[in-house]
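The values are calculated or read from the model by the stated rules, or taken from the named source; none is laboratory data. No experiment lies behind these values; they were computed from the predicted model shown. Glycine gets a Cβ as well: all are built from the backbone with ideal geometry, and neighbour counts include every protein chain shown.
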Amino acid sequence: MKLICENLEKQYQEFDDLVSVLNKKQWHDKTPFFHWTIFDQVAHIAFFDHEALLSIESPGKFMERAKGVISVIMSGKSWRAYTNSLLGTDDPSELLNLWRDIRSRLLSRLIKMSSEDRVSWYGPDMSALSFATARLMETWAHSQDVLDLLKIKRVNGTELFHIAHIGVTTFNWSFIIKKLEAPNIKPRIELTGPSGEFWNWGEPDALELVWGSAQDFCMVVTQRRNVADTGLKWRGKNVAKWLTIS
């Protein structure tokens, strides 16, 4: 858990550094992600970090609150406005301080857990390791929206491995959540890391294959880029579909 928590803390701090220097007006600028403002993006991470902490400390209370969030999502109402309202502030400085406290407490709990401990969430429960990785992936993705708005190029590191890993391991879930039949295959994934590392998943003789840069892959599996706008290559109809829905 130490490595993933270090990577998560690094992502938190990079996002914090990015937004803490912005003025109040900029916090209300709209990002490319469904026109969410920068405030919305930070509030989203803060809210779900709070819920993550609640799930660890009080699973029963978390499940009760989760019903409310899910019902708003299913109703078609603005769950972004709903979750923002639960944080109790519309001031950027107050939000940042609130998030700093929440994420510090969350990291303190995560680092003490076994990687195999189970944590409740909105879908199936997850191992503590996968749970922390999901928080890393979410933070990376939403901070990317702000970087895109500000036209700043991110310098990625080994955190991409963790994001790519959860992207690969949720191959079947990507179909299921879209109410599609998951294909009975395990594709081969071959990615080049930021410093030239070679990362791979699946058997070398798999019939279906995706290859390219880890950054492009992570952009696609977090829905921050259309696969057609990346340098990713693939072989097989199932992975072709996956890259459009992941």
Original post:
For region 65-103, which residues satisfy the criterion of being outside any helix (DSSP H, G or I) and either in contact (Cβ under 8 Å) with a residue 12 or more places away in the chain or closer than 19 Å to GLY123 by Cα (or both)?
Top reply: GLY76, ASP90
Subject >> Options ALA206, ALA182; residue that is out of contact with any Lys or Arg (no Cβ under 7 Å at 6 or more places or on another chain) and either buried (at least 19 other Cβ atoms within 10 Å of the Cβ) or in a loop (DSSP other than H, G, I, E, B) (or both) >> reply: ALA182
Original post:
Which of the residues belonging to region 19-34 are assigned to a loop (DSSP other than H, G, I, E, B), hydrophobic (A, V, I, L, M, F, W, C) and surrounded by 12 or more Cβ atoms within 10 Å (Cβ to Cβ)?
Top reply: LEU22, PHE33
**OP:** State whether one or more residues within region 56-68 are among the hydrophobic types (A, V, I, L, M, F, W, C), modelled with pLDDT of 95 or more and surrounded by 16 or more Cβ atoms within 10 Å (Cβ to Cβ).
**Re:** yes
**OP:** Out of the residues in region 148-182 that are in contact (Cβ under 8 Å) with a residue 60 or more places away in the chain and over 17 Å from the mean Cα position of the chain (by Cα), state the one that is farthest from PRO194 (Cα to Cα).
**Re:** LEU180
**OP:** Any residue in region 218-230 that's buried (at least 17 other Cβ atoms within 10 Å of the Cβ): show its pairings with residues that are among the charged types (D, E, K, R) and part of a loop (DSSP other than H, G, I, E, B) at Cβ separation under 7 Å, as long as the two are six or more apart or on different chains.
**Re:** MET219/ARG225
